[in-house]
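Colleague: My structure is below; once you've seen it, I'll send some questions.
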Amino acid sequence: MRIGDLRHRVTIQEKVVTIDAYGGEVVTWSTVATVWAAVEPLSGREFLEGRRQENEINHRIRIRYREGLTPSMRVVWGPTTGGGARAFDIESVIERESRRREIWLMCREIVA
């Protein structure tokens with residue numbers, strides 16, 4: 001992996017579910033790490049869901065090796081304040097060549 005390829009600053013987040021005073025679930029996201037990455041779009045498609053047209057874009061996000069990443073996490077790319085951030089659901093975590101150097105996060109972004 002060439003260091004120059006990792007030019008995007010991304011945040012990896014983990015879902016935290018708590019129970020509010022009324023017994024309902026409250027979902028928040030906790031930051032696990034902020035790392036340098038290469039965000040690469042792979043494919044996209046449009047579909048209708050609940051009478052709304054949505055776009056799905058699949059991405060490969062390459063980062064340096066890091067333990068503990070799971071498909072229940074997400075990646076956020078862009079400014080954390082003022083809007084404009086993009087969120088990617090992690091579909092799978094692939095350890096590239098099993099050499100503990102690089103991780104591929106295969107992600108899905110839903111754009112309404």
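Values quoted throughout were computed directly from the atomic coordinates according to the rules given, and no laboratory measurement underlies them. In this text the structure is predicted, and so the values were computed from the model without any measurement. With ideal geometry, Cβ positions are generated from the backbone for all residues, glycine too; neighbour counts draw on all protein chains shown.
Colleague: Rounded to whole Hz and in sequence order, give me ³J(HN,Hα) for the range 95-103 from the Karplus expression 6.51 cos²θ - 1.76 cosθ + 1.60, θ = phi - 60°, writing x for Gly and Pro.
Modeller: 7, 5, 6, 6, 10, 6, 10, 9, 10
Colleague: Work out how much length Tyr65 to Val16 would gain on full extension: take 0.36 nm times their residue separation and subtract the Cα-Cα distance, in nm to one decimal.
Modeller: Gain in length upon complete extension: 15.3 nm.
Colleague: What is the spin-label model distance, in nm, from Trp104 to Ser72 if the labels are put 7 Å beyond Cα along the C-beta direction?
Modeller: Once both label points are built, they end up 2.5 nm from each other.
Colleague: Shifting gears a bit: Can you work out the Karplus-derived ³J(HN,Hα) for every residue in the range 33-44? Use 6.51 cos²θ - 1.76 cosθ + 1.60 with θ = phi - 60°, whole Hz, and x for glycine or proline.
Modeller: 6, 10, 9, 7, 8, 10, 9, 10, x, 10, 7, x
Colleague: Which net charge results for the neighbourhood of Asn58, defined as the other residues with beta-carbon distances under 12 angstrom from its beta-carbon, given Lys and Arg at +1 and Asp and Glu at -1?
Modeller: Spelling it out: positives minus negatives among the neighbours equals -2.
Colleague: Let me ask something additional. For a Förster distance of 41 Å, can you work out the FRET efficiency between the beta-carbons of Arg52 and Ser30, rounded to the nearest 0.05?
Modeller: The formula returns an efficiency of 0.90 here.
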